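Notes follow the structure.
The values are calculated or read from the model by the stated rules, or taken from the named source; none is laboratory data. None of the values given here were measured: they were computed from a predicted structure. So basically every Cβ, Gly included, is an ideal-geometry build from the backbone, and we count neighbours across all protein chains shown.
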Amino acid sequence: MKKLVLGAAMLLFAQFSFGQAVTDQAVIPVSVTLNAILRLTVTSGGNIVFVVNTIQQYEEGIEGTARTTTKFRVSSSRDFAVTMVPENVTHFTGLETGNVADFPITNVGYAMTAGAGAIDAATIKPLAATNSLVSNAAIGNEEYSLMWHLATSDVVDLATASLLIQSIPADIYVNNMFLTLAPQ
């Protein structure tokens with residue numbers, strides 16, 4: 001029995017001498033999460049109002065000014081595009097009469113006057129069903145300016161389509177414009 005206990009003790013001591021690790025390891029997980037940032041904010045000019053109250057304005061339209069400028073800011077961590085789509089793609093709707101076809105959207109135009117990646121910057125274009133405004137690489141923050149024009153010679157052919165020649169009934173016409181920021 002003594003030999004058995006002595007043998008077990010020697011085996012146990014041998015295990016301790018050979019079983020101890022010389023080195024050890026631990027695992028520390030490290031992760032990085034990059035969230036895609038796509039943010040569009042209208043900073044001013046969120047409600048554009050043109051008031052036509054002279055014959056000259058009926059004949060020549062109203063040029064864009066600081067009062068008819070929409071400014072918006074894009075914050076993006078990836079390549080992006082900004083488009084503008086009218087709620088009604090063919091016309092403005094009369095608030096008082098409900099007339100739906102009297103005021104075509106092509107009477108209103110716009111020009112991008114500031115901002116990196118602006119498409120056809122400073123060119124006045126009539127509104128269309130879909131309007132591509134910006135195509136740009138990832139940026140931290142960039143401000144864009146969108147200047148609105150009403151029935152000017154850059155928007156319509158004044159000889160054949162001025163507001164006077166179109167004989168549009170008096171009303172308050174509205175149409176919402178949706179700005180959309182999307183990754184490219």
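Data for the structure
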quantity: Failed criterion for residue 148 (all others in (1) modelled with pLDDT of 95 or more; (2) farther than 15 Å from residue 68 by Cβ; (3) surrounded by 18 or more Cβ atoms within 10 Å (Cβ to Cβ); (4) of a type outside the set (S, T, N, Q) hold); calculated: (2)
quantity: Entirely in segment 110-184, the strands (runs of 3 or more DSSP E) that have 2 or more residues that are of a type outside the set (A, V, I, L, M) and within 25 Å of residue 97 (Cα to Cα); calculated: 139-150
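Yes or no, residue by residue, for (1) touching a helix residue (DSSP H, G or I) at 6+ places or on another chain (Cβ under 9 Å); (2) over 14 Å from residue 150 (Cβ atoms); (3) among the aliphatic types (A, V, I, L, M):
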site	(1), (2), (3)
65	no, no, no
91	yes, yes, no
105	no, no, yes
108	no, no, yes
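Each row is one residue, and each column tells you yes or no for (1) under 23 Å from residue 43 (Cα atoms); (2) surrounded by fewer than 16 Cβ atoms within 10 Å (Cβ to Cβ); (3) touching a strand residue (DSSP E or B) at 6+ places or on another chain (Cβ under 7 Å).
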| residue | (1), (2), (3) |
| --- | --- |
| 58 | no, no, no |
| 65 | yes, yes, no |
| 79 | yes, yes, yes |
| 83 | yes, no, yes |
| 109 | yes, no, yes |
| 124 | yes, no, yes |
| 131 | yes, no, yes |
| 144 | yes, no, yes |
